[in-house]
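What follows is a set of notes on a single structure, which appears directly below.
The values are calculated or read from the model by the stated rules, or taken from the named source; none is laboratory data. Just so it is clear, the model here is predicted, and its values are computed rather than measured. Glycine gets a Cβ as well: all are built from the backbone with ideal geometry, and neighbour counts include every protein chain shown.
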Amino acid sequence: MLKISSITILLCCVLKVQAQQTKQIGKATYEVASGSNHPIIDCWFSTQEYTYQYRKIRDARQLPQFKNKTYSSIEDSLKDVRIIEKFNEGLKSMPEQFWYGQLGDNVVVYSSFDNENKQYCIRDTIKWVTWELSSDTTTILGQTCQKAIGKLNGIAYTAWFSTAIPVSTAPLQFRGLPGLLMKVTNEMNKVTVSLIDLEWPANNQKIVMAPCTAFPFISKQELQAIREKQNADAYKLAESIKKNGTKSGNQ
């Protein structure tokens, strides 16, 4: 009996190790098209969990207000150079943010920061789009895709997904489809989230998908209160400097 139990335990351990070794990670890169703003989302996923982040802008010249801008004078150009340099200083100090979620759990854990770049972990309960599948198909990036229609908070969404990649994970509020999200359109404002690059499997299989734990946990409401207080304090300081400057000028 002891021998059989030992063999059973050993077999379970082997199967567990094999399952961990064969867990396949993919990487999907999405572009969010909203007017002139086109942020990029990098999403790593398996069949049960995912993590994503907005790709950090390294140079303010990539921002819509500066990209491909033409100037009528050298003075205007130099003025923007100074503004871009100031922007870049802020971008360097801005912390990166990661979102993490698991299928079957409505909680998403992500990192965030206040106005002074102090970082926190936020645990948030998310509502997801409720999907209804359609028989319509199309081809996106060489993948045969099926259509789905969904709603969330009164807003209608049209999505296309590929069952060739059997994962239901997706960034933002769009998970739950029976295949990888390829494109989704908000039918109210026409903002789209479109797959622009896919690694399946991902070139880097050593990506660690894990929730934020390195910083203090607070709620979204607490973070908002911290930011509002910081804004109020900054306003008071500016008003005090302005007032003192006016007094000095009158003397």
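The condition of being closer than 16 Å to VAL32 by Cα, modelled with pLDDT under 95 and in contact with a strand residue (DSSP E or B) (Cβ under 9 Å, 6 or more places away or on another chain) holds for only one of LEU195, LEU172, that being LEU172. Number of residues in the range 104-117 that are touching a residue at least 60 places away in the same chain (Cβ under 8 Å) and surrounded by 14 or more Cβ atoms within 10 Å (Cβ to Cβ) equals 5. Confirm whether PRO166 is under 22 Å from the mean Cα position of the chain (by Cα), surrounded by fewer than 12 Cβ atoms within 10 Å (Cβ to Cβ) and closer than 21 Å to GLN102 by Cβ. In short, yes. Just one of THR130, THR139 is surrounded by fewer than 14 Cβ atoms within 10 Å (Cβ to Cβ), without any contact (Cβ under 8 Å) to a residue 12 or more places away in the chain and among the hydroxyl-bearing types (Ser, Thr, Tyr); which is it? Exactly one residue qualifies, and that residue is THR139.
Go over the candidates GLN97, GLN62, GLN20 one by one and state the one that is within 28 Å of SER219 (Cα to Cα) and either modelled with pLDDT under 80 or polar (S, T, N, Q) (or both). Steps first, answer last, please.
Numbers: GLN62 fails: within 28 Å of SER219 (Cα to Cα); GLN20 fails: within 28 Å of SER219 (Cα to Cα).
Sole residue among the options that is within 28 Å of SER219 (Cα to Cα) and either modelled with pLDDT under 80 or polar (S, T, N, Q) (or both): GLN97.
Candidates THR70, THR51, THR47: the one that is under 23 Å from THR213 (Cα atoms), modelled with pLDDT of 70 or more and either more than 15 Å from the chain's Cα centre (by Cα) or assigned to a helix (DSSP H, G or I) (or both) is THR47. The set of residues in the range 147-169 that are in contact with a Leu (Cβ under 7 Å, 6 or more places away or on another chain) and at pLDDT 95 or above comprises ALA148, ALA159, PHE161, SER162. The criterion of at least 1 residues that are touching a strand residue (DSSP E or B) at 6+ places or on another chain (Cβ under 9 Å) and within 24 Å of LYS183 (Cβ to Cβ) is met, among strands (runs of 3 or more DSSP E) falling completely within the range 104-148, by 107-113, 130-140. Given the structure, is LYS190 free of Cβ contacts under 8 Å to residues at least 12 places away in the same chain, within 19 Å of THR138 (Cβ to Cβ) and part of a loop (DSSP other than H, G, I, E, B)? Answer is yes for this residue.
Residues in the range 89-103 that are touching a residue at least 12 places away in the same chain (Cβ under 8 Å) and either in a strand (DSSP E or B) or over 22 Å from ILE226 (Cβ atoms) (or both): TRP99, TYR100, GLY101, GLN102, LEU103. Within the range 25-44, being touching a Pro at 6+ places or on another chain (Cβ under 7 Å), part of a strand (DSSP E or B) and not aliphatic (A, V, I, L, M) holds for GLY26, TYR30, ASN37, CYS43.
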